[in-house]
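Asker: Input: one structure, supplied below.
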Amino acid sequence: MMDRVIAILPELNQAFLETLLMVSIALAVAILIGLPFGILLFVTDRGLFLENVVVKRVAGLVINLIRSVPFVILLVFLLPFTQFLLNTTIGPLAASVSLSVAAIPFYARIVESSARDIDKGVIEAAIAVGASPWMIIKSIILPEVKPGLITGLTITAISLIGYSAMAGTIGGGGIGDLAIRYGYYRYDNTIMFTTVIVLIVLVQVVQYLGDLIARVVSKR
Amino acid sequence: MIKLENITKKYSSKGKEIVGVDDVTLSVKAGEVFGIVGYSGAGKSTLLRCINLLEKPTSGKVFVDGVNLHELSPKELRKARQSIGMIFQGFHLVSSKTVFENVAFALRAAGADKKQIKQRVEELLALVGLEDRKDQYPAQLSGGQKQRVSIARALANQPKILLCDEATSALDPGTTKSILSLLKKINKELGLTIVVITHEMEVVKEICSRCAVMQDGKVVEQGSTYDIFSDPSNPLTVSFIQTVLNFDLPEELLGEINGKLIRLQFKGSIAAEAVVSDMLQAFQVRGNILHGKVEYIQSMPLGIFILELSGNETEVNKAIAYLRDKVSKVEVFDDGSRNRHLA
């Protein structure tokens with residue numbers, strides 16, 4: 001049994017790196033777009049300093065639209081867009097397009113909800129000293145929400161690892177793809193168990209690191 | 001310095017309209033400490049927040065230092081807010097920033113450069129007595145220390161006005177005293193105009209030269225703190241005064257009283273004992289002091305004594321008439337009202 005696993009090691013290694021690549025790209029996009037989006041949702045809310053019903057509604061609607069499509073369907077739905085963007089629909093890079101699209105609203109909602117936990121009084125005190133909206137976002141909201149941002153990123157990363165397996169099935173590569181190919185098509189349980197163990201370890205490591213960093217940055 | 005004209009603030013909550021502040025007109029003079037007293041829900045906090053437009057009044061005008069705040073652009077309003085410091089019951093410090101950074105934030109908001117910020121923050125922390133805490137986080141400080149940080153933050157941009165929203169309500173009595181004396185010091189040394197809202201009459205007595213009493217969004221009484229304490233006219237004010245000048249006598253004692261119960265109030269520097277002993281010599285009555293206290297309000301004495309007078313009815317009445325002549329206020333409690341509060 002061991003030699004079966006050893007024989008598959010190079011392939012497993014590559015699949016692991018592919019998963020890492022897909023998830024990393026999607027996470028980067030989540031931070032780049034999802035984070036500002038989440039902050040926007042928060043500051044345009046009722047009673048906040050950039051209250052704006054129209055922006056809030058439109059942003060909320062877009063996010064809900066994306067979030068209500070099951071990921072497998074989103075994958076297929078986005079194939080033409082991926083084709084247009086990368087000129088291919090195969091490989092981890094192509095898979096990261098749909099993963100990113102799913103990650104943005106997911107992370108945005110997490111950012112929004114952790115921002116809601118900030119003591120409103122702190123924001124009010126900043127308004128009272130005459131700080132501009134941008135300063136309040138940069139110097140009050142972001143530092144205050146930092147532990148929440150990191151915890152949220154951990155949750156997003158773990159969900160994305162799960163999603164990446166689905167992306168694998170339609171040609172995205174990665175560990176999920178490996179598990180389906182060996183475990184489902186070839187009834188090779190050894191390989192399937194191995195991939196499951198790899199995934200478990202990966203998720204545990206991500207969770208541990210996320211918790212650790214969140215604890216270090218929190219000053220409460 | 002501050003003029004509020006016909007301020008009304010209405011909210012709608014669950015379809016119902018609630019009037020938070022109801023047509024309040026107030027003015028606060030430069031350099032004074034002004035108190036707004038009321039129970040929670042009286043609208044005092046809302047009124048205070050109207051002064052820097054944290055709360056936009058539904059109608060009415062706010063003038064600060066002669067400027068109508070409603071006419072300012074958002075940018076000008078931010079500038080104006082820099083000259084109105086504010087502190088809160090819950091301190092509202094940024095938990096992810098050190099003491100230094102919390103104070104520095106106010107200066108950065110005003111566009112100060114690094115060197116200015118460092119120098120000014122150190123000055124401010126020295127003023128509030130927290131020089132050695134500058135690198136600590138709010139979670140490591142006590143309530144009193146947190147309030148000192150927020151005072152330093154509020155004073156960062158050299159404001160002319162300081163608004164205090166229940167600033168001592170979350171603190172223990174000892175810490176409250178020290179924060180109040182810090183506010184007094186700031187008022188004296190920096191000439192700051194301070195507006196304090198509180199439900200503690202003790203705070204008003206300690207630092208306010210004038211005050212207003214609020215109920216259901218309206219100001220029911222206002223005047224100099226001394227006058228409010230010595231001659232409250234509104235029942236609510238009376239009940240607030242009682243929290244400081246409490247003269248409840250024990251039931252057992254009231255049961256033993258045979259004569260008339262009188263409450264004397266001495267204003268200013270009249271020598272209370274002299275008046276009472278003169279009265280006892282001039283009339284055929286026996287006097288028994290049951291309770292007595294001299295409170296200093298704005299460093300002016302306000303003395304209150306409760307006496308039992310017994311003897312011949314006409315002599316007692318004459319003695320009371322004599323006292324009415326000499327003393328600012330005399331109240332006589334007949335048998336039926338013995339059990340009421342005597343304040």
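Asker: Hey, can you grab everything whose amide H is under 5 Å from the amide H of B:Phe247? Only 5+ residues off in sequence or another chain; H modelled, so Pro and N-termini drop out.
Answerer: Hits under the 5 Å cutoff: B:Leu342, B:Ala343.
Asker: While we're here: Treat every Asp and Glu Cβ in the range B:251-337 as -1 and every Lys and Arg Cβ as +1, leave all other atoms uncharged, and give the resulting dipole magnitude about the Cα centre to the nearest 20 debye.
Answerer: Working: 9 positive and 13 negative charges, 89 e Å.
So the magnitude is around 420 debye.
Asker: Further, regarding this structure: Kindly put A:Tyr187, B:Tyr11 in sequence by how many other C-beta atoms sit within 10 Å of each C-beta, fewest to most. Let's see the in-between values first.
Answerer: Working: A:Tyr187 9, B:Tyr11 12.
Lowest count first: A:Tyr187, B:Tyr11.
Asker: When only C-alpha pairs under 8 Å and at least 6 residues apart count, what is the relative contact order of chain A, in percent? Could you put the intermediate results ahead of the total?
Answerer: Details: 261 pairs, mean separation 60.7, N = 220.
Relative CO of chain A lands at 28 percent.
Asker: Starting at the first residue of the range B:219-226, write each ³J(HN,Hα) from the Karplus equation 6.51 cos²θ - 1.76 cosθ + 1.60 with θ = phi - 60°, in whole Hz, x for Gly and Pro.
Answerer: Couplings: 8, 8, 7, 8, x, 6, 4, 4 Hz.
Asker: On C-alpha positions alone, give me the angle between the axis of helix A:189-217 and the longest principal axis of chain A, in degrees, nearest 10.
Answerer: With rounding to tens, the tilt is 20 degrees.
Asker: Angle, helix B:313-326 long axis vs. longest principal axis of chain B, Cα atoms, 0 to 90°, nearest 10?
Answerer: 30 degrees
Asker: Rounded to a whole number of µm²/s, how large is the Stokes-Einstein D of the range B:158-245 at 4 °C and 1.567 mPa s, given Rh as the Kirkwood radius over C-alpha pairs?
Answerer: Details: Rh = 13.7 Å.
Result for D is 95 µm²/s.
Asker: For A:Val53, what charge total do you get from the other residues with a beta carbon under 11 Å from its beta carbon, if Lys and Arg give +1 and Asp and Glu give -1? Provide the component values of the computation, followed by the final result.
Answerer: On the way: positive: A:Arg46, A:Lys56, A:Arg57; negative: A:Asp45, A:Glu51.
Summing Lys/Arg as +1 and Asp/Glu as -1 gives +1.
Asker: Cut-off under 20 Å on the C-alpha distance; same-chain residues fewer than 8 positions from B:Lys267 excluded. Which lysines are left, in chain and number order?
Answerer: Qualifying lysines at Cα under 20 Å: B:Lys205, B:Lys293, B:Lys326, B:Lys329.
Asker: Looking at chain B, send over the antiparallel percent of its DSSP beta bridges, to the nearest 5.
Answerer: 70 percent
Asker: Quick one: what are the phi-derived ³J(HN,Hα) couplings along the range B:90-96, Karplus 6.51/-1.76/1.60 with θ = phi - 60°, whole Hz, x for glycine and proline?
Answerer: Per residue, the Karplus-derived 3J(HN,Hα) values read x, 6, 6, 8, 7, 5, 8 Hz.
Asker: Also: Can you pull out the GluC sites (Glu not before Pro) in the range A:1-94 whose DSSP state is coil and whose Cβ has at most 12 other Cβ atoms within 10 Å? Can you show the working numbers first?
Answerer: Values: sites: A:Glu11, A:Glu18, A:Glu51; in loops: A:Glu51.
Qualifying residues, ordered by number: A:Glu51.
Asker: How big is the range B:14-139 on each of its three principal axes, counting only the C-alpha atoms and giving the largest first in Å?
Answerer: 47, 33, 30
Asker: Write down, largest first, the equivalent ellipsoid semi-axes of chain A in whole Å, where each equals the square root of 5 times an eigenvalue of the alpha-carbon gyration tensor. It would help to have the intermediate numbers written out before the result.
Answerer: Working: eigenvalues 297, 84, 27 Å².
Over the Cα atoms of chain A, the ellipsoid semi-axes are 39, 20, 12 Å.
Asker: Under the rule of at least 5 residues apart or a separate chain, name every residue whose amide H is placed under 5 Å from the amide H of B:Met214.
Answerer: Those qualifying (amide H under 5 Å, at least 5 residues apart or on another chain) are B:Val37, B:Gly38, B:Val220.
Asker: Further, regarding this structure: Could you point to the residue in B:Thr314, A:Val145, B:Ile297 farthest towards the positive end of the protein assembly as shown's charge dipole, with +1 and -1 charges on the Cβ of Lys/Arg and Asp/Glu respectively?
Answerer: The listed residue farthest towards the positive side: A:Val145.
Asker: Any idea what the alpha-carbon Rg over 2.2 N^0.38 Å comes to for the range B:1-83?
Answerer: Numbers: Rg = 13.2 Å, N = 83, 2.2 N^0.38 = 11.8 Å.
Normalised Cα radius of gyration, the range B:1-83: 1.12.
Asker: Also, quick follow-up: With unit charges on the beta carbons (Lys and Arg positive, Asp and Glu negative) and the dipole taken about the Cα centre of chain B, which residue among B:Gly111, B:Leu47, B:Ile228 sits farthest to the positive side?
Answerer: Result: B:Gly111, furthest along the dipole toward the positive end.
Asker: Could I ask something else about it? Dipole magnitude of chain A about its Cα centre, charges +1 at Lys/Arg Cβ and -1 at Asp/Glu Cβ only, in debye to the nearest 20? Walk me through the intermediate numbers first.
Answerer: Working: 15 positive and 13 negative charges, 78 e Å.
With only Lys, Arg, Asp and Glu charged at Cβ, the dipole is about 380 debye.
Asker: What's the exposure ranking of B:Met279, B:Met1, B:Met214, going from fewest to most Cβ atoms within 10 Å?
Answerer: Numbers: B:Met279 21, B:Met1 18, B:Met214 27.
In order of increasing Cβ crowding within 10 Å: B:Met1, B:Met279, B:Met214.
Asker: List the extent of the Cα atoms of the range B:2-242 along each of their three principal axes, largest first, rounded to whole Å.
Answerer: 51, 42, 37
Asker: What does the range B:251-337 give for Rg and for Dmax, in Å, if only its C-alpha atoms count?
Answerer: Both quantities, over Cα of the range B:251-337: 12.9, 40 Å.
Asker: Which whole-Hz ³J(HN,Hα) couplings does the range B:290-299 yield from phi under the Karplus relation 6.51 cos²θ - 1.76 cosθ + 1.60, θ = phi - 60°, glycine and proline marked x?
Answerer: The phi angles translate into 9, 7, x, 6, 10, 9, 9, 10, 6, 6 Hz.
Asker: Which entries in the list B:Lys9/B:Lys29; B:Lys56/B:Lys177; B:Lys29/B:Lys79; A:Lys146/B:Lys146 go over 30 Å, if you measure between the two C-alpha atoms of each? Numbers along the way, then the final one.
Answerer: Details: B:Lys9/B:Lys29 23 Å; B:Lys56/B:Lys177 33 Å; B:Lys29/B:Lys79 21 Å; A:Lys146/B:Lys146 22 Å.
Those over the limit are B:Lys56/B:Lys177.
Asker: Continuing with this model, one more query. Taking amide H atoms as placed 1.01 Å from N in the peptide plane, list the residues 5 or more away in sequence, or in a different chain, whose amide H sits under 5 Å from that of B:Gly20.
Answerer: Hits under the 5 Å cutoff: B:Lys9, B:Lys10, B:Tyr11.
Asker: Based on the alpha carbons, how large is the Rg to Rh ratio for the range B:192-326 when Rh follows Kirkwood? Before the final figure, lay out the partial values.
Answerer: Values: Rg = 17.4 Å, Rh = 16.7 Å.
Reported Rg/Rh, Kirkwood definition of Rh: 1.04.
Asker: Let me ask something else. In debye, nearest 20: dipole of chain B around its Cα centre with unit charges on the Cβ of K, R (+) and D, E (-)?
Answerer: Values: 44 positive and 41 negative charges, 371 e Å.
In debye, rounded to 20, chain B gives about 1780.
Asker: Give the angle, between 0 and 90 degrees and rounded to the nearest 10, that separates the Cα long axis of helix A:2-29 from the longest principal axis of the Cα atoms of chain A.
Answerer: 20 degrees
Asker: If you build the convex hull over the alpha carbons only and average its shadow over all orientations, what do you get for the protein assembly as shown? Give it in nm² to one decimal. Walk me through the numbers before you get to the answer.
Answerer: Numbers: hull surface 148.9 nm².
In nm², the orientation-averaged hull projection of the protein assembly as shown is 37.2.
Asker: With a 10 Å Cβ neighbour count serving as the proxy for reagent exposure, in which order, fewest first, do A:Thr194, A:Thr19 appear? All intermediate terms of the calculation are to be shown ahead of the outcome.
Answerer: On the way: A:Thr194 22, A:Thr19 29.
Fewest-to-most Cβ neighbours within 10 Å comes out as A:Thr194, A:Thr19.
Where a number appears in this text, it was derived from the coordinates with a stated rule and is not lab data. Worth saying up front: this structure is predicted, and the values here are computed from it rather than measured. In this analysis, Cβ positions are derived from the backbone assuming ideal geometry, glycine residues included, and neighbour counts consider all displayed protein chains.
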